[in-house]
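Below is one structure; the comments refer to it alone.
FYI, it's all coordinate maths here, none of it is from the lab. The shown structure was predicted, so the numbers you read here are calculated from the model rather than taken from an experiment. No Cβ is skipped: glycine too gets one built from the backbone with ideal geometry, and neighbour counts run over all protein chains shown.
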Amino acid sequence: MPRIDPERLLSDLRALRAIGAQGRGVVRPAFSAADMEARHWLKHRYQEAGLETTIDGVG
């Protein structure tokens, strides 16, 4: 079973949270600029891990 790097996990969650952050929460309405930025950020992280990713018309 793969080991989880807790520091990397928290770093990734903080980076993703920063996209659309408002106050103590996150606002990323569907298909907004922040939503699309978050999707592309996640796609890039998956690709770095060697995974194949796509974003279809529904997201």
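Observations, loosely collected:
- Note on segment 1-21: residues that are of a type outside the set (Gly, Ala, Ser), farther than 22 Å from residue 54 by Cβ and in a helix (DSSP H, G or I) total 8.
- Residues satisfying the criterion are absent from segment 22-32 (criterion: part of a helix (DSSP H, G or I) and not basic (Lys, Arg)).
- Sub-7 Å Cβ pairs linking a first residue in segment 1-26 that is without any contact (Cβ under 8 Å) to a residue 60 or more places away in the chain to a second residue that is among the β-branched types (Val, Ile, Thr), at least 6 apart or interchain, are 17/26; 20/26; 20/27, ordered by first then second residue.
- All told, residue 55 meets the bar of being over 12 Å from the mean Cα position of the chain (by Cα) and among the β-branched types (Val, Ile, Thr).
- All conditions in (1) out of contact with any Asp or Glu (no Cβ under 8 Å at 6 or more places or on another chain); (2) surrounded by 14 or more Cβ atoms within 10 Å (Cβ to Cβ); (3) not hydroxyl-bearing (Ser, Thr, Tyr) hold for residue 19, with the sole exception of (1).
- Count of segment 24-59 residues, restricted to those that are loosely packed, with under 11 Cβ neighbours inside 10 Å, of a type in the set (Asp, Glu) and over 20 Å from residue 8 (Cβ atoms), is 2.
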